[in-house]
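Okay, structure first, notes after.
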């Protein structure tokens with residue numbers, strides 16, 4: 001089916017009676033890009049190359065997926081009768097294939113020289129300079145670029161383009177030139193063009209030129225710099241605001257990471273442990289972005305619960321029998337004896353480390369995270385939220401504040417654990 005469709009498009013291209021019709025057919029061909037279209041388009045280009053729509057054919061040829069494309073483009077570019085616009089357009093495609101023959105380079109330079117001598121020659125200046133720059137030829141013509149930039153004869157856009165390439169050739173050296181010779185362009189259009197370009201640059205040399213313009217430049221140039229600086233300040237403020245809102249949890253996340261690390265360090269040097277409590281886990285990073293809605297809160301809670309339940313397997317070595325464990329933990333059974341929080345609880349007891357029934361609040365927090373993460377909205381969740389003073393935030397759909405409050409509770413639990421471990425260690429010493 002595709003072959004028939006392609007065949008029909010080729011037929012349509014050959015039966016066109018003018019370049020406008022052919023250009024319309026090219027729109028459909030460009031969406032396909034099959035190699036079968038290459039030479040039919042090339043034939044159409046030869047037929048209409050002196051027409052206003054001829055440049056559409058060059059773009060279509062470049063869009064074809066065929067190893068023959070560079071060959072065809074080079075044939076077009078080396079046609080002695082090709083005009084400057086089509087020639088330069090072809091160069092923009094040949095550059096991609098790194099085709100830098102002497103003939104092409106020489107003609108490209110000749111067009112630039114004609115332009116510099118103020119002949120009426122038409123082409124896309126950026127494409128020409130980009131090709132010469134890629135061919136590593138433009139450096140020797142940099143003085144021409146400088147003179148075009150400084151000459152009021154040329155239009156502002158062309159002068160801006162030449163300045164850009166002039167500065168890019170040898171940035172430090174050429175920017176320094178205008179620092180040391182600022183008087184040559186002071187109070188001229190060139191000063192404003194240079195200012196508009198250099199305010200987008202970074203680095204010590206460009207900063208020196210900006211300072212020079214601030215000191216000696218025209219009012220218009222100074223205003224341009226001021227507006228740019230105001231935009232930068234505003235952008236920084238917007239970024240700060242974004243960080244304060246989207247990344248509002250960054251501070252408490254860092255505090256949680258720090259306290260977890262302190263607990264690990266303390267446990268490693270404690271006779272009661274001699275192992276790391278928290279395995280390496282970067283899930284806490286997920287909490288930096290503040291929850292904006294119930295769904296994002298659910299995702300955050302699921303991730304935080306996974307982190308909270310990630311403890312060293314060493315805790316399972318509490319050696320507590322089920323009947324003894326039932327004295328300390330309500331509802332514990334054989335299946336839940338070595339669940340993470342129960343194992344930690346029993347291990348601490350086995351080491352004569354005092355702990356609360358709720359394990360410093362970790363068990364209630366785990367229950368909240370589990371129920372929210374599972375999209376529960378039942379009486380059990382509402383009851384535990386009420387007990388933890390979180391129900392109003394949940395009922396009023398203040399998901400961001402609820403998220404932050406949950407993290408605060410986790411941090412508080414960790415701080416309690418850290419304190420009790422410090423006390424135990426000091427007693428041992």
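Quick note: the coordinates plus some simple rules give every number you see, no bench work behind them. Predicted model only: the values in this text are computed from it and were never measured. Note that each Cβ is placed from the backbone with ideal geometry, even for glycine, and that neighbours are counted across all protein chains shown.
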> When only C-alpha pairs under 8 Å and at least 6 residues apart count, what is the relative contact order of the stretch 2-87, in percent?
Replying inline: 27 percent
>> To test your reading of the geometry: what angle, between 0 and 90 degrees and rounded to tens, separates the Cα axis of helix 340-350 from the longest principal axis of the chain?
In response: 40 degrees
>> Please report Rg (one decimal) and Dmax (integer) in Å for the Cα set of the stretch 170-244.
In response: 13.9, 47
> Gain in length, residue 319 to residue 59, computed as 0.36 nm per residue apart minus the alpha-carbon separation, to one decimal in nm?
Replying inline: 85.9 nm
> Which whole number in µm²/s is D for the stretch 96-177 by Stokes-Einstein, with the Kirkwood Rh taken over Cα pairs at 20 °C and 1.002 mPa s?
Replying inline: 165 µm²/s
> So, in nm, how far is label residue 396 from label residue 427 when the simple model puts each one 7 Å beyond its Cα toward the Cβ?
Replying inline: 4.2 nm
> Given a cut-off of 19 Å, what percent of all Cα-Cα pairs of the stretch 81-136 lie beyond it?
Replying inline: 16 percent
>> I need the Kirkwood Rh of the stretch 137-294: take the reciprocal of the average 1/r across all distinct C-alpha pairs and report it in angstrom.
In response: 20.1 Å
> Taking other Cβ within 10 Å of each residue's Cβ, how do 228, 357, 71 sort, fewest first?
Replying inline: 357, 71, 228
> Could you work out the helix-only [θ] at 222 nm for the chain, with each DSSP H run of four or more residues adding -39,500 (n - 2.57) and the total divided by the number of residues, to the nearest 500 deg cm²/dmol?
Replying inline: -21000 deg cm²/dmol
>> At a threshold of 8 angstrom on Cα-Cα distance, excluding pairs fewer than six apart, so keeping six or more, what relative contact order does the stretch 250-428 reach in percent?
In response: 30 percent
>> Just want to confirm a number: the relative contact order over the chain, from Cα pairs under 8 angstrom separated by 6+ residues, in percent.
In response: 9 percent
> Helix 125-134 versus the longest principal axis of the chain: what angle, 0 to 90°, nearest 10, using Cα atoms?
Replying inline: 70 degrees
> If one takes the longest principal axis of the Cα atoms in the chain, at what angle in degrees, from 0 to 90 and to the nearest 10, does the Cα axis of helix 362-373 lie?
Replying inline: 50 degrees
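So how do 427, 220 line up by other beta-carbon neighbours within 10 Å, fewest first?
Lowest to highest Cβ neighbour count: 427, 220.
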> What order do you get for 345-355, 30-40 when each peptide is scored by the mean count of other beta carbon atoms within 10 Å, highest first?
Replying inline: 345-355, 30-40
> Given R₀ = 56 Å, FRET efficiency for residue 268-residue 228 by Cβ-Cβ distance, to 0.05?
Replying inline: 0.60
>> Run the simple label-point estimate for residue 261 and residue 134 please: 7 Å along Cα→C-beta, distance reported in nm.
In response: 4.8 nm
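Can you tell me the length gained on complete extension of the stretch residue 39 to residue 327, counting 0.36 nm per residue apart and subtracting the Cα distance? Write out the running numbers ahead of the final one.
On the way: separation 288, 0.36 × 288 = 103.68 nm, distance 8.80 nm.
Result: 94.9 nm gained on full extension.
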> Hey, what does the equivalent ellipsoid look like for the stretch 250-428, semi-axes from the Cα gyration tensor as sqrt of 5 times each eigenvalue, largest first, whole Å?
Replying inline: 28, 20, 13
> Quick one: Cα centre-to-centre distance for the stretch 71-104 and the stretch 208-225, in angstrom?
Replying inline: 42 Å
> Using alpha-carbon positions, what is the distance between the centroids of the stretch 160-190 and the stretch 1-51, in Å?
Replying inline: 46 Å
> What are the radius of gyration and Dmax of the chain, computed over its Cα atoms and given in Å?
Replying inline: 36.1, 101
